[in-house]
1. In the full protein assembly as shown, how much of E102 is accessible to a 1.4 Å probe, in Å² to the nearest 10?
2. Could you rank V12, V23 by how accessible they are, 1.4 Å probe, largest area first?
3. Determine the order of L91, L24 by accessible area, beginning with the largest, at a probe radius of 1.4 Å.
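The values are calculated or read from the model by the stated rules, or taken from the named source; none is laboratory data. Source: prediction; values computed, not measured. Each accessible area value is taken on the protein alone, full model and side chains, heavy atoms only, with ligands, DNA and RNA left out. Shrake-Rupley method; radii C 1.70, N 1.55, O 1.52, S 1.80 Å.
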Amino acid sequence: GGPGARGSHAGVLFESMRDGVLVLDGDGRIVDANPALCTLTGIERGELVGMSAPFSFWPEGPLVISALNAEPSSPGPDETSFVRTRSGSALSVRVAIAPLGEPGGAPAGCIATFTDRSEAVRIEEVV
């Protein structure tokens, strides 16, 4: 494989997940994004990787990440947030953040998982 190719089961899972996944380093820079996140945002992986906050597609990102860094020991509750797509529409998402790194050590970054809630929101509006 070339650059961006991932081995192992984790890599296959990362690529095939329906939820969007972002991997951020300790400085809050995007180091990886899966195809589902690219589909959700309409932004190519090559554009996402290397991007630092503030993120055009996730305005609340820095707040969510800094909350995590303040309390690295406890995984934060799922946050309801939104992402802005390339076309300019806002999608409601549930964001779960998991710290990366050794237990007890400084976080080496985090993984943010985005679950599209726009269908659920539409259903709630109808009911």
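1. 140
2. Accessible-area ranking of V12, V23, largest first: V12, V23.
3. So, going from the largest accessible area down, we get L91, L24.
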